[in-house]
Amino acid sequence: MPHDNYLYQTRDIKFQIKEWLDIDKILSLDAYKDYYGADDFDAICDVNYKICRDVICPANKDSDEIGMKHVGGNEKAVISPDVFKTVYNTVIEAGMGPGFGDRQVEGRMPLYWYAPILEMQTGASPAIVMLWCLTQGATTVLQYNLSQELQERFLPKMYSGEWGGSMCLTEPGAGSEVGAVTTRCFPTDTPGLWKIKGQKCFITTGDWDGVENIIHLVLAKDPDAKPGTAGISCLVVPKFWVNEDGSLGAWNDVTTTGIEHKLGIHGSATCSLAFGENDNCYGWMIGDGPVDGRGKGMAQMFQMMNEERINTGIFSLGAFGAAYYAALDYAKARVQSKKSTDPKGPSVRIIEHEDVRRMLLLQKSVMEACRALLYSSYYYIDLSKEAATEEERELAEDFFMIQNPLGKAYISDMAWQMCAEAIQVHGGYGFMEEYAPASLARDCKIYSLWEGTNFIQSQDFTGRKFTMKKGEPFKKWLAEIGDFIANKKTPEFAAEFAMMERAFASFNSIVDMNAAWTTTNKQLKQLFATRIMHAAARVICGKLMLDQGLLAASKLAELGDSHFDANFYKGKIASVKFYIMNVVPEIFGTEEAMKAADTSAIDCPEDAFM
Amino acid sequence: MKVLVCVKQTFDTEAKIELKDGKIADAGINLIINPYDEVAVEGAIQLKEKGIAKEIVIVAAGSDKAMDAIRTALAMGADRGILVQQDTAADEFARAVALAEAIKAENPNIILAGHVAADDGSSQVPTRVAEILGLPHVNVITAVEIAGDKATCTSEADGGTQVTEVSLPAVISSQVSWNEPRYPSMKGIMAAKKKPVATAAAAAAENKVKILEFSLPPAKAAGIKLEDEPEVCATKLAEWMKNTVKVEVK
């Protein structure tokens, strides 16, 4: 049976949101100060937890086993399992859906509170959460770029969940190479209104029967467009036309030609869409139209893409977090084999065996480290939009931009590996579909692929992010890590600080080699990009975890060993030590490999790949 | 029409209960609104949505922590709350006296409550409140229709249902199958912060019950594993059920 028993825990979520990150600073910002207190997070988190446990997670079985069905036609081309409507309506009515996308409304919630909501929802069902996430992402582009009149026409029903949203980039011949899109847009006599013709594929939630309309954001090129990404424009193309008064008009010649049969997230329709097969599809240009063949589509789409990338990190965390809690539950119940220290004694629960504890603590520590990276990134987004000074907003924006590829790629790579560990904890049963990690492993694989593959993220990180604004933000980001390691040492974590010192030095050496290869050996730079990105993620995660360890140690000293919450802080300290002493050192392997500069992957003749 | 709902804050039904020094160790345990009372709150909100109720007042007796239960009910859609400050060790009698005193001052048309609390399971408070106030009481209802100053209640009864007509004001306590409580919405949570909650001292009342001891249910005994031919296993299982589990065969 697929994952349908919600075992997710919220203690570390609340620690990171309320105790570790400076919640008072965020809640003192003008946007939030009149609306929220720290305890409001508990109320919101607890309601979301109940919905995840009682409504979303039980529906994950149908999501995985029944999934979406393509039946064709113009009205309801994709049919969802019956239970989806109940789940969707519950989430929408509770205000836990696309309404969070409204970043201009008075009383909006801090964005970094949204991260755990999405994480917990994904932990309940990686597929079902897509029903509202893409809508939220689409509203990000529309609210900042669409005319006021068109915003009023589209956005209210997207925020309310009556209409869905999608982002249409990929085409059969244009995946990672977005500039190769062949979908065309043609001006009409009505200013801003364009005719659309083309085909898109791999469109998540491109269609389903739980909403009245789908508002597609479509990348297309005008007849005079420059080659590559420069010529791309972005248009808002509804499945059903939206009249001036906001009512629905006729079908807009957007056809769902099929859905993919995928490894996982069966409950999320991955659609192939045809625009203008009958030469009768229209859309509104988002922002000003193209000038001299140059469109603004990529820049606009990246506003959505940047948030979808960090959201992908959150999806990854939710999926492997759920797998960890399933493994933990199983390890506490499954009795098998004697203890290594008592070979003639009784068989014990497998959580008493060393290697199972290693696997569990690996999952727990990576989960908490990834959570720290993601929540701190969301925190930077909040500051980048709401901080009082331009200087602070800019620095926060820069740090978010640096961390975003790590949040997307490192964490989605970890999701796949940690789900494998969760399967391993289950032994042979882990390979059976009736245990949760199997479906979660299938579901999480997409995260390393969509929103720009993880290699694309590594190119972004080791290329643009190292050098943006002449490399100054990256230097500041590194300096913050270095200052922390140099100045926060405590005897309790002496060994961990020593390890971080070595790791930081190693990472600086990695950065220098990468910089040198930019001009001397582009192929080596490509070969090591993924590994450099992982090394960076381990350094920043190590720093963030150590910071949490210091806080946990002081809290534990304050509360005492017999306090009911002592075990949480002990567990946090164990996670910190394990992560730094067992996961961070992988950096040294990357440094050594880079020094060796092995090029066998390039040198090997193609015909020798046999 | 004013509807008043009595709520109690209880341990989360998913919480692991442990004893310390002969008492329930409540530190760190998540507290929730009693699920049976939650049904009563939902029932009140539905009466308001139908235009029958004009105002919904939530009353809880307990420590300051019970404020969270009131806020949850306000987030669901109730209008205002009253926290009757009382020692959590109050028994059902003292609790009923405290609630009745607060209810009297409000003079509501309908008093709703869950028929039982998920923690002590005593099923006494609504009945005692009705007795103290001299009002009729209908228990374990699964539906209610209001017409003028009368309520027609459908209740569970042995082997079927019972329909009772009662004149208002009355105390009506709900069974869980009455409705499916809604989840508080984000909007509701934020609105609840601004809704008024008054506090009042509990009317004096001595407990009539003294709790001598708490104990956890005995740990579940390990099962047996039979490894033999099917017919041998069946015989052994039957013997085990008869002699150990004491299953009576008629």
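The values are calculated or read from the model by the stated rules, or taken from the named source; none is laboratory data. Since we're looking at a predicted model, the values are computed, not measured. Positions of Cβ are backbone-derived with ideal geometry, glycine not excepted, and every protein chain shown enters the neighbour counts. Accessible surface areas use protein heavy atoms only, side chains included; no ligands, DNA or RNA. Shrake-Rupley method; radii C 1.70, N 1.55, O 1.52, S 1.80 Å.
Looking at A:Gln151, A:Gln104, just one residue is of a type outside the set (Val, Ile, Thr) and part of a loop (DSSP other than H, G, I, E, B), and that residue is A:Gln104.
A quick yes/no check of all residues on (1) open to solvent by 60 Å² or more (accessible area, probe 1.4 Å); (2) over 20 Å from A:Lys577 (Cβ atoms); (3) in contact with a helix residue (DSSP H, G or I) (Cβ under 6 Å, 6 or more places away or on another chain); (4) not hydrophobic (A, V, I, L, M, F, W, C):
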| site | (1), (2), (3), (4) |
| --- | --- |
| A:Lys332 | yes, yes, yes, yes |
| A:Gln336 | yes, yes, yes, yes |
| A:Pro343 | yes, yes, no, yes |
| A:Ile350 | no, yes, yes, no |
| A:Cys370 | no, no, yes, no |
| A:Tyr379 | no, yes, yes, yes |
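Restricting region B:160-188 to residues that are assigned to a helix (DSSP H, G or I) and farther than 26 Å from B:Leu133 by Cβ leaves a set whose member that is nearest to the other protein chains (Cβ to nearest Cβ) is B:Met186. Filtered by the rule that a residue be surrounded by 23 or more Cβ atoms within 10 Å (Cβ to Cβ), among the small types (Gly, Ala, Ser) and within 14 Å of chain A (Cβ to nearest Cβ), region B:62-83 gives B:Ala69, B:Ala73, B:Ala75. Scanning region B:40-61 for residues that are assigned to a strand (DSSP E or B) and within 14 Å of another protein chain (Cβ to nearest Cβ) yields a count of 0.
Applying a threshold of 7 Å to beta carbon distances and a minimum spacing of six or more residues, or different chains, the list of pairs starting in region A:123-141 at a residue that is under 26 Å from A:Ile286 (Cα atoms) and at pLDDT 90 or above and ending at one that is outside any helix (DSSP H, G or I) and among the hydroxyl-bearing types (Ser, Thr, Tyr) reads A:Met130/A:Thr204; A:Met130/A:Thr205; A:Met130/A:Ser268; A:Leu131/A:Thr205; A:Leu134/A:Ser166; A:Leu134/A:Thr204; A:Leu134/A:Thr205; A:Ala138/A:Ser166.
Determine whether region B:191-213 contains at least one residue that is within 14 Å of chain A (Cβ to nearest Cβ), without any contact (Cβ under 8 Å) to a residue 12 or more places away in the chain and in a helix (DSSP H, G or I). No, region B:191-213 has no match at all. Of all the criteria given as (1) away from chain A (no Cβ under 14 Å); (2) of a type outside the set (Lys, Arg); (3) surrounded by fewer than 17 Cβ atoms within 10 Å (Cβ to Cβ); (4) closer than 23 Å to B:Ile33 by Cα, the one not satisfied by B:Gly134 is (4). For A:Asn487, are the conditions met, namely being more than 25 Å from A:Glu394 (Cβ to Cβ), more than 28 Å from the chain's Cα centre (by Cα) and either more than 14 Å from every other protein chain (Cβ to nearest Cβ) or not aromatic (Phe, Trp, Tyr) (or both)? For A:Asn487, the condition - more than 25 Å from A:Glu394 (Cβ to Cβ), more than 28 Å from the chain's Cα centre (by Cα) and either more than 14 Å from every other protein chain (Cβ to nearest Cβ) or not aromatic (Phe, Trp, Tyr) (or both) - is not met.
Scan region B:3-32 for residues that are within 12 Å of another protein chain (Cβ to nearest Cβ) and within 20 Å of B:Asp64 (Cβ to Cβ) and jot them down. Within region B:3-32, B:Asp12, B:Ala15, B:Ala25, B:Asp26, B:Ala27, B:Gly28, B:Ile29, B:Asn30, B:Leu31, B:Ile32 qualify. The number of residues in region B:145-182 being buried (at least 19 other Cβ atoms within 10 Å of the Cβ), over 15 Å from B:Ile52 (Cβ atoms) and without any contact (Cβ under 8 Å) to a residue 24 or more places away in the chain comes to 1.
The one condition from (1) farther than 21 Å from A:Ser376 by Cβ; (2) surrounded by 17 or more Cβ atoms within 10 Å (Cβ to Cβ) that A:Gln523 does not meet is (2). Here region B:66-111 is the region considered, the condition is being charged (D, E, K, R) and part of a helix (DSSP H, G or I), and the residue that is nearest to B:Gln9 (Cα to Cα) is B:Asp68.
Looking only at region A:101-123, residues that are open to solvent by 10 Å² or more (accessible area, probe 1.4 Å) and within 16 Å of A:Tyr380 (Cβ to Cβ) come to 1 in all.
This table checks each residue for (1) modelled with pLDDT of 95 or more; (2) surrounded by 22 or more Cβ atoms within 10 Å (Cβ to Cβ).
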| residue | (1), (2) |
| --- | --- |
| A:Asn5 | no, no |
| A:Asp24 | yes, no |
| A:Asp39 | no, no |
| A:Ile56 | yes, yes |
| A:Gly67 | yes, no |
| A:Phe84 | yes, yes |
| A:Thr90 | yes, no |
| A:Gly99 | no, yes |
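Of A:Glu394, A:Glu434, A:Glu421, all but one fail to be open to solvent by 10 Å² or more (accessible area, probe 1.4 Å) and outside any helix (DSSP H, G or I); the exception is A:Glu434. Of the helices (runs of 4 or more DSSP H) that lie entirely inside region A:13-93, those containing 1 or more residues that are more than 14 Å from every other protein chain (Cβ to nearest Cβ) and among the β-branched types (Val, Ile, Thr) span A:23-27, A:83-93.
Answer yes or no as to whether B:Gln86 is at negative phi, open to solvent by 40 Å² or more (accessible area, probe 1.4 Å) and away from every other protein chain (no Cβ under 14 Å). Judged against the criteria, B:Gln86 is not a match. When A:Thr135, A:Thr170, A:Thr139 are screened for being among the polar types (S, T, N, Q) and open to solvent by 10 Å² or more (accessible area, probe 1.4 Å), only A:Thr170 passes. Only a single criterion out of (1) open to solvent by 10 Å² or more (accessible area, probe 1.4 Å); (2) within 14 Å of another protein chain (Cβ to nearest Cβ) is not satisfied by A:Gln151, namely (2).
Do we have any residue at all in region A:558-570 that's surrounded by 15 or more Cβ atoms within 10 Å (Cβ to Cβ), at pLDDT below 95 and part of a loop (DSSP other than H, G, I, E, B)? Yes, region A:558-570 has at least one match. Within the option set A:Pro98, A:Pro126, being under 27 Å from A:Ser272 (Cα atoms), more than 15 Å from the chain's Cα centre (by Cα) and not β-branched (Val, Ile, Thr) holds for one residue only, A:Pro98.
Here is a yes/no grid of residues against (1) free of Cβ contacts under 8 Å to residues at least 12 places away in the same chain; (2) more than 14 Å from every other protein chain (Cβ to nearest Cβ); (3) open to solvent by less than 10 Å² (accessible area, probe 1.4 Å):
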{"position": "B:Asn34", "(1), (2), (3)": "no, yes, yes"}
{"position": "B:Glu38", "(1), (2), (3)": "no, no, no"}
{"position": "B:Ala94", "(1), (2), (3)": "no, yes, yes"}
{"position": "B:Asp119", "(1), (2), (3)": "no, yes, no"}
{"position": "B:Ser122", "(1), (2), (3)": "no, yes, no"}
